Amino acid sequence: DPTLLANDGRAVVIGAQPLLEPTFTSPTIRQMMLYGRRGTTYTVEASTNLANPLAWRSRGTLPGSTMTNLFRVLPLPASPAPPVYYRIRQ
């Protein structure tokens with residue numbers, strides 16, 4: 001069942017698929033907000049080449065035990081060129 005999360009002027013409906021939102025607290029600090037279901041395990045993947053589906057690499061797994069809320073802040077390392085693209089998988 002979809003769940004509604006309203007915070008900081010945003011409304012997020014969390015259904016079957018998780019959502020990643022990039023956020024910037026300063027020019028040097030990058031992070032993502034993961035919106036997902038409580039108790040669900042997620043894997044963060046990254047790629048520098050969107051044209052190649054085999055270029056996605058795992059950047060880590062968030063065990064379901066760490067998803068105690070409907071959202072979680074994920075810090076990101078500094079990103080050298082080329083740009084890095086992220087996705088989340090269940």
Item checked: Residues of the chain: accessible area per residue with a 1.4 Å probe, Å² -> 67 Å²
Checklist line | Overall Cα dimensions of region 19-90 - principal axes, largest extent first, Å | finding: 34, 32, 16
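Divide, for region 5-49, the radius of gyration over alpha carbons by 2.2 N^0.38 Å, where N is the residue count.
Working: Rg = 12.6 Å, N = 45, 2.2 N^0.38 = 9.3 Å.
For region 5-49, the normalised Cα radius of gyration is 1.34.
The values are calculated or read from the model by the stated rules, or taken from the named source; none is laboratory data. Being a predicted model, the structure only gives us computed values, none of them experimental. The protein model used for the area step is the full one, side chains on, heavy atoms only, and it has no ligands, DNA or RNA in it. Shrake-Rupley method; radii C 1.70, N 1.55, O 1.52, S 1.80 Å.
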